[in-house]
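For reference, the structure is listed below as C-alpha coordinates.
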Amino acid sequence: MIARRDLAARVASVEDLTRTCFRLELTCREPVVAVPGQFGMLRCGAELDPLLRRAFSFAGVRQVGEGWVVEMHIKEVGKGTTLLRRLAPGARTSLLAPLGNGFTLAGLSGGRLALVAGGIGLPPVLFAAEVLAAEGRPFDLFFGAARASELYEIDRLAAATAAVGGELVLCIDDGSRGEAGVVTGALERRLAGGREIGRVLACGPDPMLRALGRLATARGLDAELSLEEPMACGVGVCLGCVVELEDGSLVPSCKEGPVFPVRRLGERWRS
(Lines give C-alpha, C1' and ligand atoms only; values in the text may rest on other atoms or scores of the structure.)
Protein backbone atom coordinates (compact mmCIF):
# COMPACT_ATOMS: atom_id res chain seq x y z
CA MET A 1 0.00 0.00 0.00
CA ILE A 2 1.31 3.43 -0.92
CA ALA A 3 2.00 5.74 2.01
CA ARG A 4 -0.01 8.92 2.42
CA ARG A 5 1.02 11.94 0.39
CA ASP A 6 -0.30 15.43 -0.18
CA LEU A 7 -1.60 15.01 -3.70
CA ALA A 8 -2.23 17.78 -6.19
CA ALA A 9 -5.71 17.24 -7.57
CA ARG A 10 -8.10 18.76 -10.07
CA VAL A 11 -11.88 18.63 -10.02
CA ALA A 12 -13.16 16.29 -12.73
CA SER A 13 -16.87 16.67 -11.94
CA VAL A 14 -19.42 17.71 -9.33
CA GLU A 15 -22.83 16.04 -9.59
CA ASP A 16 -25.86 16.24 -7.31
CA LEU A 17 -27.00 12.93 -5.83
CA THR A 18 -29.81 14.23 -3.61
CA ARG A 19 -30.96 17.66 -2.49
CA THR A 20 -28.20 17.78 0.10
CA CYS A 21 -25.55 15.32 -1.18
CA PHE A 22 -23.26 15.44 -4.18
CA ARG A 23 -20.58 13.38 -5.89
CA LEU A 24 -17.13 14.94 -6.24
CA GLU A 25 -14.59 13.32 -8.53
CA LEU A 26 -10.96 14.38 -8.45
CA THR A 27 -8.13 13.49 -10.79
CA CYS A 28 -4.54 13.00 -9.62
CA ARG A 29 -1.42 12.33 -11.66
CA GLU A 30 0.24 10.40 -8.83
CA PRO A 31 -1.04 6.90 -7.99
CA VAL A 32 -3.78 6.69 -5.38
CA VAL A 33 -3.95 3.14 -4.04
CA ALA A 34 -6.62 2.70 -1.38
CA VAL A 35 -8.96 0.08 0.04
CA PRO A 36 -12.63 0.48 1.04
CA GLY A 37 -12.87 2.23 4.38
CA GLN A 38 -9.87 4.51 3.92
CA PHE A 39 -10.30 8.26 3.54
CA GLY A 40 -8.60 11.50 2.58
CA MET A 41 -8.35 15.03 3.98
CA LEU A 42 -9.48 17.47 1.31
CA ARG A 43 -8.73 21.18 1.10
CA CYS A 44 -11.98 23.10 0.64
CA GLY A 45 -10.70 26.10 -1.30
CA ALA A 46 -7.81 28.35 -2.20
CA GLU A 47 -8.29 30.69 0.77
CA LEU A 48 -7.41 30.14 4.44
CA ASP A 49 -11.06 30.18 5.49
CA PRO A 50 -11.88 27.44 6.24
CA LEU A 51 -8.39 26.66 7.47
CA LEU A 52 -8.83 22.98 8.19
CA ARG A 53 -9.32 20.28 5.60
CA ARG A 54 -12.35 18.01 5.66
CA ALA A 55 -12.28 14.22 5.98
CA PHE A 56 -14.17 12.15 3.43
CA SER A 57 -14.28 8.39 2.85
CA PHE A 58 -13.58 7.15 -0.65
CA ALA A 59 -16.55 5.91 -2.67
CA GLY A 60 -14.15 4.58 -5.27
CA VAL A 61 -10.63 4.90 -6.61
CA ARG A 62 -9.73 3.87 -10.14
CA GLN A 63 -7.01 4.35 -12.70
CA VAL A 64 -8.00 6.10 -15.90
CA GLY A 65 -5.25 6.28 -18.52
CA GLU A 66 -2.14 7.63 -16.83
CA GLY A 67 -4.07 9.31 -14.02
CA TRP A 68 -6.21 8.31 -11.05
CA VAL A 69 -9.79 9.26 -10.22
CA VAL A 70 -10.92 9.56 -6.60
CA GLU A 71 -14.66 9.57 -5.96
CA MET A 72 -16.25 11.03 -2.82
CA HIS A 73 -19.87 11.54 -1.77
CA ILE A 74 -20.33 14.64 0.35
CA LYS A 75 -23.24 16.05 2.33
CA GLU A 76 -23.46 19.84 2.30
CA VAL A 77 -23.61 20.91 5.94
CA GLY A 78 -21.50 24.05 6.26
CA LYS A 79 -19.08 26.48 4.66
CA GLY A 80 -16.44 23.94 3.69
CA THR A 81 -18.80 21.52 1.97
CA THR A 82 -20.67 24.39 0.31
CA LEU A 83 -17.40 25.59 -1.21
CA LEU A 84 -16.66 22.07 -2.45
CA ARG A 85 -20.10 21.81 -4.06
CA ARG A 86 -19.44 25.04 -5.96
CA LEU A 87 -16.09 23.93 -7.40
CA ALA A 88 -15.93 24.03 -11.18
CA PRO A 89 -14.35 21.30 -13.31
CA GLY A 90 -10.63 21.99 -13.60
CA ALA A 91 -10.37 23.72 -10.23
CA ARG A 92 -7.24 22.87 -8.27
CA THR A 93 -7.20 21.48 -4.76
CA SER A 94 -5.09 19.10 -2.66
CA LEU A 95 -5.83 15.76 -1.02
CA LEU A 96 -3.89 14.15 1.80
CA ALA A 97 -4.38 10.43 1.15
CA PRO A 98 -4.74 7.57 1.66
CA LEU A 99 -5.41 7.70 5.40
CA GLY A 100 -6.59 5.24 8.04
CA ASN A 101 -7.32 1.57 7.64
CA GLY A 102 -10.00 -0.23 5.67
CA PHE A 103 -12.52 -3.04 5.90
CA THR A 104 -11.34 -6.65 6.03
CA LEU A 105 -12.67 -8.14 2.81
CA ALA A 106 -10.62 -11.35 2.87
CA GLY A 107 -10.31 -14.28 5.25
CA LEU A 108 -14.00 -15.10 5.62
CA SER A 109 -14.34 -18.56 7.16
CA GLY A 110 -18.07 -19.11 6.70
CA GLY A 111 -21.28 -17.43 5.56
CA ARG A 112 -21.34 -14.33 3.42
CA LEU A 113 -20.56 -10.71 3.99
CA ALA A 114 -23.28 -8.28 4.98
CA LEU A 115 -22.59 -4.68 3.99
CA VAL A 116 -24.63 -2.12 5.94
CA ALA A 117 -24.90 1.60 5.21
CA GLY A 118 -26.96 4.41 6.67
CA GLY A 119 -27.36 7.73 4.87
CA ILE A 120 -24.07 9.39 3.91
CA GLY A 121 -22.26 6.36 5.35
CA LEU A 122 -22.73 4.73 1.95
CA PRO A 123 -19.40 5.69 0.24
CA PRO A 124 -17.06 3.09 1.81
CA VAL A 125 -19.80 0.46 1.61
CA LEU A 126 -20.36 1.15 -2.09
CA PHE A 127 -16.60 1.00 -2.65
CA ALA A 128 -16.49 -2.39 -0.88
CA ALA A 129 -19.48 -3.68 -2.85
CA GLU A 130 -17.92 -2.88 -6.20
CA VAL A 131 -14.57 -4.39 -5.20
CA LEU A 132 -16.30 -7.58 -4.02
CA ALA A 133 -18.45 -7.75 -7.15
CA ALA A 134 -15.37 -7.47 -9.36
CA GLU A 135 -13.81 -10.35 -7.41
CA GLY A 136 -16.97 -12.46 -7.58
CA ARG A 137 -17.32 -12.69 -3.79
CA PRO A 138 -20.91 -12.94 -2.45
CA PHE A 139 -22.48 -10.36 -0.15
CA ASP A 140 -25.83 -8.85 0.79
CA LEU A 141 -26.19 -5.09 1.08
CA PHE A 142 -28.48 -3.15 3.42
CA PHE A 143 -28.96 0.58 2.81
CA GLY A 144 -31.21 2.75 4.94
CA ALA A 145 -32.28 6.37 5.13
CA ALA A 146 -34.88 8.46 6.91
CA ARG A 147 -36.68 9.32 3.66
CA ALA A 148 -36.83 7.77 0.20
CA SER A 149 -35.45 10.99 -1.31
CA GLU A 150 -32.20 10.41 0.62
CA LEU A 151 -31.43 7.10 -1.09
CA TYR A 152 -28.93 7.34 -3.93
CA GLU A 153 -26.69 5.24 -6.20
CA ILE A 154 -29.32 2.51 -6.19
CA ASP A 155 -28.48 1.37 -9.73
CA ARG A 156 -24.83 0.82 -8.80
CA LEU A 157 -25.77 -1.03 -5.63
CA ALA A 158 -28.23 -3.23 -7.51
CA ALA A 159 -25.68 -4.04 -10.22
CA ALA A 160 -23.00 -4.98 -7.67
CA THR A 161 -25.26 -7.22 -5.59
CA ALA A 162 -26.80 -8.86 -8.68
CA ALA A 163 -23.33 -9.67 -10.03
CA VAL A 164 -22.73 -12.02 -7.07
CA GLY A 165 -26.29 -13.21 -6.50
CA GLY A 166 -26.71 -11.09 -3.39
CA GLU A 167 -29.71 -9.30 -1.95
CA LEU A 168 -30.10 -5.52 -1.94
CA VAL A 169 -32.30 -4.40 0.95
CA LEU A 170 -33.52 -0.80 1.07
CA CYS A 171 -35.00 0.49 4.32
CA ILE A 172 -36.93 3.70 4.92
CA ASP A 173 -38.24 4.76 8.31
CA ASP A 174 -41.83 5.13 7.07
CA GLY A 175 -41.73 2.24 4.58
CA SER A 176 -42.28 4.51 1.56
CA ARG A 177 -39.72 2.42 -0.31
CA GLY A 178 -38.32 -1.01 0.39
CA GLU A 179 -38.81 -2.25 3.95
CA ALA A 180 -40.16 -0.16 6.79
CA GLY A 181 -37.83 0.56 9.66
CA VAL A 182 -34.08 0.56 10.14
CA VAL A 183 -31.37 -1.51 8.45
CA THR A 184 -30.38 -3.23 11.68
CA GLY A 185 -33.90 -4.59 11.98
CA ALA A 186 -33.78 -5.90 8.40
CA LEU A 187 -30.47 -7.63 9.08
CA GLU A 188 -31.71 -9.12 12.35
CA ARG A 189 -34.81 -10.54 10.65
CA ARG A 190 -32.65 -12.37 8.12
CA LEU A 191 -30.37 -13.70 10.82
CA ALA A 192 -33.40 -14.94 12.73
CA GLY A 193 -34.59 -16.62 9.53
CA GLY A 194 -31.39 -18.64 9.33
CA ARG A 195 -29.24 -16.62 6.97
CA GLU A 196 -25.57 -17.30 7.57
CA ILE A 197 -23.52 -14.10 7.81
CA GLY A 198 -19.78 -14.49 8.25
CA ARG A 199 -18.93 -10.81 8.73
CA VAL A 200 -20.72 -7.46 8.90
CA LEU A 201 -19.09 -4.31 7.50
CA ALA A 202 -20.87 -1.05 8.27
CA CYS A 203 -20.74 2.71 8.09
CA GLY A 204 -23.39 5.20 9.12
CA PRO A 205 -24.67 7.37 11.96
CA ASP A 206 -23.75 6.53 15.54
CA PRO A 207 -27.17 5.11 16.56
CA MET A 208 -27.04 2.64 13.67
CA LEU A 209 -23.48 1.58 14.45
CA ARG A 210 -24.26 1.16 18.14
CA ALA A 211 -27.28 -1.00 17.27
CA LEU A 212 -25.07 -3.12 15.03
CA GLY A 213 -22.50 -3.38 17.79
CA ARG A 214 -25.16 -4.70 20.17
CA LEU A 215 -26.46 -7.13 17.55
CA ALA A 216 -22.98 -8.41 16.72
CA THR A 217 -22.09 -8.83 20.39
CA ALA A 218 -25.33 -10.66 21.19
CA ARG A 219 -24.98 -13.05 18.27
CA GLY A 220 -21.21 -13.45 18.33
CA LEU A 221 -20.86 -11.96 14.85
CA ASP A 222 -17.59 -10.80 13.35
CA ALA A 223 -18.31 -7.12 12.64
CA GLU A 224 -16.35 -4.01 11.66
CA LEU A 225 -17.65 -0.48 12.07
CA SER A 226 -16.37 2.56 10.21
CA LEU A 227 -16.80 5.37 12.73
CA GLU A 228 -17.69 8.89 11.68
CA GLU A 229 -15.78 10.86 14.32
CA PRO A 230 -14.99 14.56 13.59
CA MET A 231 -11.41 14.85 12.32
CA ALA A 232 -9.21 17.93 12.18
CA CYS A 233 -5.80 16.61 11.12
CA GLY A 234 -6.34 13.05 9.86
CA VAL A 235 -2.97 11.77 11.07
CA GLY A 236 -3.40 11.30 14.83
CA VAL A 237 -1.75 14.52 15.99
CA CYS A 238 -4.61 16.71 17.24
CA LEU A 239 -6.40 13.90 19.14
CA GLY A 240 -9.77 15.41 18.29
CA CYS A 241 -11.28 12.12 17.14
CA VAL A 242 -10.35 9.75 19.98
CA VAL A 243 -12.46 6.68 20.68
CA GLU A 244 -12.40 4.40 23.70
CA LEU A 245 -11.38 0.79 23.22
CA GLU A 246 -12.48 -2.27 25.15
CA ASP A 247 -9.41 -2.10 27.40
CA GLY A 248 -10.17 1.51 28.36
CA SER A 249 -7.42 3.09 26.22
CA LEU A 250 -8.14 6.09 24.00
CA VAL A 251 -6.89 6.10 20.42
CA PRO A 252 -7.28 8.52 17.48
CA SER A 253 -9.90 7.20 15.10
CA CYS A 254 -8.13 8.71 12.09
CA LYS A 255 -4.96 6.72 12.74
CA GLU A 256 -6.16 3.49 14.43
CA GLY A 257 -9.41 3.48 12.44
CA PRO A 258 -11.72 4.68 11.14
CA VAL A 259 -12.61 0.97 10.81
CA PHE A 260 -12.64 -0.99 14.07
CA PRO A 261 -13.67 -4.55 14.90
CA VAL A 262 -16.59 -4.38 17.31
CA ARG A 263 -14.70 -6.57 19.78
CA ARG A 264 -12.00 -3.85 20.12
CA LEU A 265 -14.42 -1.03 20.84
CA GLY A 266 -15.52 0.22 24.25
CA GLU A 267 -18.85 -0.43 25.93
CA ARG A 268 -20.50 2.56 24.24
CA TRP A 269 -20.49 0.68 20.93
CA ARG A 270 -21.62 -2.67 22.28
CA SER A 271 -24.42 -1.96 24.74
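The values are calculated or read from the model by the stated rules, or taken from the named source; none is laboratory data. These figures come from a predicted structure and were not determined experimentally. Here the Cβ positions follow ideal geometry from the backbone for every residue, glycine too, while neighbour counts run over all protein chains shown. Side chains are part of the model used for accessible areas, which takes the heavy atoms of the whole protein and leaves out ligands, DNA and RNA. Shrake-Rupley method; radii C 1.70, N 1.55, O 1.52, S 1.80 Å.
Numbers below:
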{"item": "Relative contact order of the range 1-126, defined on C-alpha pairs under 8 angstrom at six or more residues apart (%)", "result": "35"}
{"item": "Residue-span extension gain [S149 to E267] - 0.36 nm each, minus C-alpha spacing", "result": "39.1 nm"}
{"item": "For the chain, cysteines whose Cβ has no other cysteine Cβ within reach (under 4.7 Å)", "result": "C21, C28, C44, C171, C203, C241, C254"}
{"item": "Apportionment of accessible area to carbon and sulfur, the chain, percent (1.4 Å)", "result": "51"}
{"item": "Sorted peptide list for 58-69, 130-141, criterion being average Cβ within 10 angstrom, highest first", "result": "130-141, 58-69"}
{"item": "Inter-part distance where the range 171-244 and the range 49-112 are each reduced to a Cα centre, Å", "result": "21"}
{"item": "Protection proxy ranking of 220-228, 15-23, 116-124 - average other beta-carbon atoms within 10 Å, highest first", "result": "116-124, 220-228, 15-23"}
{"item": "Label-point gap, in nm, between E30 and L108 - each point 7 angstrom along Cα→Cβ", "result": "3.4"}
{"item": "Net length gained if the chain between E244 and T82 were fully extended (0.36 nm per residue, minus Cα distance)", "result": "55.1 nm"}
{"item": "Angle in degrees between helix 122-135 and the longest Cα principal axis of the chain, rounded to the nearest 10", "result": "70"}
{"item": "Per-residue [θ]222 nm for the chain (sum of -39500 (n - 2.57) over DSSP H runs n ≥ 4, rounded to 500)", "result": "-6500 deg cm²/dmol"}
{"item": "Tilt relative to the chain, helix 183-192 - C-alpha long axis, 0 to 90 degrees, to 10", "result": "30"}
